[in-house]
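Working notes, beginning with the structure itself.
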Amino acid sequence: MAIETEINPEASVHSDEGRFGRYGGRFVSETLIGPLEELTAAYAQAKQDPQFHAEVERELSSFVGRPTPLYFAQRLTANSAGAKIYLKREDLAHTGAHKINNTVGQAVLAARMGKRRIIAETGAGQHGVATATVAARLGLECVVYMGADDVQRQAANVYRMRLLGAEVRPVEGGTRTLKDALNEAMRDWVTNIDDTFYIIGTVAGPHPYPTLVRDLQRVIGIEAREQICAAEGELPAAVVACVGGGSNAIGIFHPFLDDRGVELYGVEAGGEGLGSGRHAAPLNAGRPGVLHGSRSYLMESAEGQIIGTHSISAGLDYPGVGPEHAYLKDIGRANYVTIDDDEAIAAFHRLCRCEGIMPALESSHAIAYAEQLAARLSPQQSIVVSLSGRGDKDIATVAAQEGIEL
């Protein structure tokens, strides 16, 4: 059940305290306050330690493969007949998605705190694969919670996690998707608090997770800003990224926040259309409430119950969103739009055939909107799109849409 609360809507950003205007915060049971304060203190200390930053940067360079390229999508641009479309290639990072940036940083922090057991939750599986990968890299025990429906539609990633030594625990309750996996991970953390570190995969959850994950994902935007300036000699007209929980979007948005001439677009999952009720678009069709330890926009009923979500993309199938996105929406610094399932599938095919790049279905939402936006801009302008992950994990879903069983 989502809980409505009253927080001063005029409050400014206090990200060190976990608040973004009236969003964020820490709404958890008493048993989690101690561990969250321990994590907050450990991260505050690590941020001041050059050795922590040096270790994370070394892992990002030698293990993850950063910096990832910024790629000019020439044929996709020609197809749109408008602004130049650049792709920030997070799909080329180790394990095939931006998720690895955050998991590397949190795993290094876990090791500094003396935690030997890692837990995580995952929807599309990419965060689970990234967590299993860094746990293997550092010799840590790893358990990943995953909704039972997502276990079925992301079978390849489940097998990858098991090959990497992780235990994958299907969650049968509720909607059998990411929301319920996150609930089970929270319960595990409460039970095994002494030796366990919970790696949250997105910019949601109680403080300090939204700021911790954002800080670790900012590398996407820092690199993209430098790369587009080198390529074009100026900033882009717009930056576009898909939004589920919102980690890749906040990662690429953040270094552009003070560049007021750069429009920011977060693309939510419109599913079968906002009017159908079968979507996953809390920023476009939800309202503020509390879920999973923080206050943000949620999809909930008039009675305050979380309602079921739908998206062709498992990674966007979540009823909430990171609190900083809620704040950026309210102050008008970022625009949040929707792309439906059919538009995302069509963009998936166009990028495959125009550029030889198979995008994740999450990223396909951003591609579809970028194409529409490019057509409204001039050929002298440019757009940077976060290609958050690769799409081989989604080919069974795409094939099923065409009646093909792999």
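The values are calculated or read from the model by the stated rules, or taken from the named source; none is laboratory data. For clarity, every value in this text was computed on a predicted model and none was experimentally measured. Cβ sites come from the backbone with ideal geometry, for glycine too, and all protein chains shown count toward neighbours. We work out accessible area using only protein heavy atoms, side chains counted, and drop any ligands, DNA or RNA first. Shrake-Rupley method; radii C 1.70, N 1.55, O 1.52, S 1.80 Å.
Report relative contact order for region 135-175 in percent, whole number only (criteria: Cα-Cα under 8 Å, sequence separation at least 6).
Relative contact order of region 135-175: 51 percent.
Quote the accessible area belonging to Thr31 in square angstrom, nearest 10, computed with a 1.4 Å probe and with ligands, DNA and RNA left uncounted.
Approximately 90 Å² for this residue.
Heavy-atom accessible area of Thr202 with all protein chains present, probe 1.4 Å, nearest 10 Å²?
20
What is the Cα coordinate range of region 131-286 on the first, second and third principal axes, sorted by size from largest, in whole angstrom?
So the extents along the principal axes, rounded to whole Å, are 50, 44, 31.
Roll a 1.4 angstrom probe over the protein heavy atoms and tell me the percent of accessible area of region 270-406 that is carbon or sulfur.
48
For region 302-310, take each phi angle, set θ = phi - 60°, evaluate the Karplus expression 6.51 cos²θ - 1.76 cosθ + 1.60, and give the result in whole Hz per residue in order, putting x for glycine and proline.
4, 8, x, 8, 5, 9, x, 10, 8
Grab the alpha carbons of region 72-218, take their convex hull, and tell me the volume per residue in Å³.
In region 72-218, the Cα convex hull volume per residue is 134 Å³.
At 1.4 Å probe radius, can you tell me the per residue accessible area of region 341-406 in Å²?
40
Among the lysines, select those whose C-alpha is under 30 Å from the C-alpha of Lys393, and discard any that sit fewer than 8 residues away in the same chain.
The qualifying lysines are Lys84, Lys88, Lys99, Lys179.
With all pairs of different alpha carbon atoms counted, what Kirkwood hydrodynamic radius in Å does the chain show?
20.8
For Glu30 paired with Asp194, estimate the spin-label separation in nm (one decimal), with each label point 7 Å from Cα along the Cα-to-Cβ line.
2.1
Going through region 250-317, which trypsin sites (Lys or Arg not before Pro) have at most 10 other Cβ atoms within 10 Å and a DSSP loop state?
Arg260
Compute, for region 188-227, the length of the dipole vector about the Cα centre, with Cβ point charges of +1 (Lys, Arg) and -1 (Asp, Glu) only. Units Debye, rounded to 20.
The calculated dipole for region 188-227 is roughly 260 debye.
Rounded, prolate or oblate: pick one for region 241-345, where a ≥ b ≥ c are the square roots of the eigenvalues of its C-alpha gyration tensor, a/c under 1.5 means rounded, and failing that, prolate if a/b is larger than b/c, else oblate.
Cα axes put region 241-345 in the oblate bin.
Return a whole-number percent for the relative contact order of the chain, with Cα pairs under 8 Å and 6 or more residues apart as the contact set.
21
For region 27-106, rounded, prolate or oblate, judged on the Cα gyration tensor with a ≥ b ≥ c (square roots of eigenvalues), a/c < 1.5 rounded, else prolate if a/b > b/c?
prolate
At what distance in angstrom do the alpha carbon centres of region 256-288 and region 28-53 lie from each other?
Here the two parts' Cα centres lie 31 Å apart.
Show me the GluC sites (Glu not before Pro) within region 194-268 that DSSP assigns to loop and that have at most 15 other Cβ atoms within 10 Å of their Cβ.
Glu234
As I understand it, the value is the acute angle between the Cα axis of helix 50-59 and the longest principal axis of the Cα atoms of the chain; what does it come to in degrees, rounded to 10?
Helix 50-59 and the main axis of the chain meet at about 50 degrees.
Given +1 on the Cβ of Lys and Arg, -1 on the Cβ of Asp and Glu, and no further charges, what dipole in debye does region 17-105 carry about its Cα centre, rounded to the nearest 20?
Computed about the Cα centre, the dipole is about 640 debye.
What is the packing order of peptides 361-369, 137-145, taking the mean over residues of other C-beta atoms within 10 Å and listing the highest first?
361-369, 137-145
In region 101-173, with Lys and Arg counted as +1 and Asp and Glu as -1 at Cβ, which of these residues, Ile118, Leu138, Asn102, has the Cα nearest the positive end of the dipole, that is, farthest along it?
Of the options given, the answer is Leu138.
Sort Leu76, Leu291, Leu406, Leu163 from largest to smallest accessible area, using a 1.4 Å probe on the heavy atoms of the protein chains.
Leu406, Leu163, Leu291, Leu76
Multiply the residue separation of Ala302 and Asn183 by 0.36 nm, subtract the distance between their alpha-carbon atoms, and state the gained length in nm to one decimal.
Gain on stretching Ala302 to Asn183: 40.6 nm.
Looking at the square roots a ≥ b ≥ c of the eigenvalues of the Cα gyration tensor of region 87-167, which shape do they give, rounded for a/c under 1.5, prolate if a/b is larger than b/c, or oblate?
oblate
Nothing charged except the Cβ atoms of Lys and Arg (+1) and of Asp and Glu (-1): what's the magnitude of the dipole of the chain about its Cα centre? Round to the nearest 20 debye.
It comes to approximately 700 debye.
Arg353 versus Ala396, label points 7 Å from Cα toward the beta carbon: distance in nm?
It works out to 2.6 nm between the two label points.
For region 137-285, report the accessible area per residue in Å² (1.4 Å probe, heavy atoms, rounded to an integer).
35
Per the 1.4 Å probe, what fraction of the accessible area of region 49-139, in percent, lies on carbon and sulfur atoms?
On region 49-139, the fraction of accessible area on carbon and sulfur atoms equals 50 percent.
Mind checking which of Ile33, Val64, Leu87 is farthest towards the positive end of region 12-93's charge dipole, using Cβ charges of +1 (Lys, Arg) and -1 (Asp, Glu) about the Cα centre?
Leu87
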